[in-house]
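The values are calculated or read from the model by the stated rules, or taken from the named source; none is laboratory data. Keep in mind the model is a prediction, meaning the values are calculated, not measured. FYI the Cβ positions are ideal-geometry reconstructions off the backbone, even for glycines, and counts take in every protein chain you see. Surface accessibility is based on the protein's heavy atoms, side chains included, excluding ligands, DNA and RNA. Shrake-Rupley method; radii C 1.70, N 1.55, O 1.52, S 1.80 Å.
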Amino acid sequence: MNTPLLPPAENALRLVVFDWDGTLMDSPRRIVHCLQRAAGQIGAPVRDEAALRNIIGLGVDAAVRELYPQADDAFVRQFAETYRECYLGAEDAPETPLFPGVALLLDWLEARDVLLAVATSKSRRGLDQALEATGLASRFVATATGDEHPSKPNPAMLEHVMNRAGVERARARMVGDSVYDLQMARHAGVPAVAVTHGVHSPERLREEAPLGMQPDLESLLDVFRQAERETE
Ligand SMILES: [Mg+2]
């Protein structure tokens with residue numbers, strides 16, 4: 001792979017686009033819990049955790065269609081509504097802290113005039129609630145959500161935030177925890193880095209040939225620092 005993590009100075013890194021769930025926020029356990037609860041509540045077969053982690057990263061409608069191939073539109077709508085109600089409101093569902101290192105990584109990038117954006121399969125309501133709860137809303141110049149764009153791996157979300165930020169693809173990087181993030185980035189022509197603290201295994205992520213793969217955000221920051229030293 002010849003693409004460097006940090007592009008050379010004349011083409012310097014200008015934008016990092018983050019996936020949200022499983023990348024910045026440790027939310028997959030809550031997502032699994034609420035997918036299982038939604039299935040139970042509407043009388044659908046409850047899928048096991050492995051099957052559910054597999055589809056986290058898709059938009060909720062696309063995820064329901066993957067899990068229940070026979071589903072009609074009414075089923076998908078009812079499932080998605082029941083799921084969101086749980087995710088946004090259930091007090092007994094697992095909590096969703098940010099992963100360690102989020103603030104340090106965002107600070108480091110911002111200090112280098114790198115713009116930050118989010119491309120997530122969450123709903124607008126879900127993302128706005130998460131941005132508010134974490135105090136991160138003002139950090140991102142652009143955000144794109146699953147109910148406003150076609151589901152990953154369609155490149156629309158990534159193209160939207162690049163347009164909003166006014167940054168061309170060679171100067172952008174995508175960071176995500178699922179193969180859908182990496183596929184979306186490939187479709188948009190944006191080099192991507194995987195973090196493996198989310199839903200998909202290193203083996204599965206490696207099949208998508210990311211630019212780099214790191215166990216967590218703290219390691220990703222180390223790699224950025226190292227790349228900066230090497231370009232000095
Ligand atoms: Mg994710």
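Which condition number does Leu98 fail, the rest of (1) without any contact (Cβ under 8 Å) to a residue 40 or more places away in the chain; (2) closer than 22 Å to Val179 by Cα being met?
All conditions pass for Leu98, except number (1).
Yes or no: segment 4-21 includes at least one residue that is of a type in the set (Gly, Ala, Ser), buried (at least 19 other Cβ atoms within 10 Å of the Cβ) and touching a Ser or Thr at 6+ places or on another chain (Cβ under 9 Å).
no
So which residues in segment 201-218 are over 20 Å from Ala117 (Cα atoms), part of a helix (DSSP H, G or I) and open to solvent by 10 Å² or more (accessible area, probe 1.4 Å), if there are any at all? Don't jump to the end; show me each part of the working.
Looking only at segment 201-218, we keep the residues that are over 20 Å from Ala117 (Cα atoms), and these are 201-209, 215.
Right, trim to part of a helix (DSSP H, G or I) and you get 202-206.
Of everything in segment 201-218, those that are over 20 Å from Ala117 (Cα atoms), part of a helix (DSSP H, G or I) and open to solvent by 10 Å² or more (accessible area, probe 1.4 Å) turn out to be Pro202, Glu203, Arg204, Arg206.
How about segment 34-49: which of its residues are more than 16 Å from the ligand (Cβ to nearest atom) and either part of a helix (DSSP H, G or I) or in contact with a His (Cβ under 7 Å, 6 or more places away or on another chain) (or both)? Talk me through it step by step, then tell me what you get.
Taking segment 34-49 as the starting set, the residues that turn out to be more than 16 Å from the ligand (Cβ to nearest atom) are 36-48.
Residues satisfying the conditions are Gln36, Arg37, Ala38, Ala39, Gly40, Gln41, Ile42.
Residue-by-condition table, conditions (1) within 16 Å of the ligand (Cβ to nearest atom); (2) more than 17 Å from His33 (Cα to Cα); (3) open to solvent by 60 Å² or more (accessible area, probe 1.4 Å); (4) in the same structural domain as Ala144 (by TED's automatic domain parsing):
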residue: Arg65; (1), (2), (3), (4): no, yes, yes, no
residue: Ala80; (1), (2), (3), (4): no, no, no, no
residue: Leu106; (1), (2), (3), (4): no, yes, no, yes
residue: Val114; (1), (2), (3), (4): no, yes, no, yes
residue: Lys122; (1), (2), (3), (4): yes, no, no, yes
residue: Arg125; (1), (2), (3), (4): no, yes, yes, yes
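Quick one: which of Ala137, Ala192 is assigned by TED's automatic domain parsing to the domain that holds Ala111, surrounded by fewer than 17 Cβ atoms within 10 Å (Cβ to Cβ) and under 21 Å from Asp26 (Cα atoms)?
Values: Ala192 fails: surrounded by fewer than 17 Cβ atoms within 10 Å (Cβ to Cβ).
Exactly one residue qualifies, and that residue is Ala137.
Test of understanding: among Met174, Met184, which residue is open to solvent by less than 10 Å² (accessible area, probe 1.4 Å), of a type outside the set (Phe, Trp, Tyr), under 17 Å from Val102 (Cα atoms) and under 15 Å from the mean Cα position of the chain (by Cα)?
Met174
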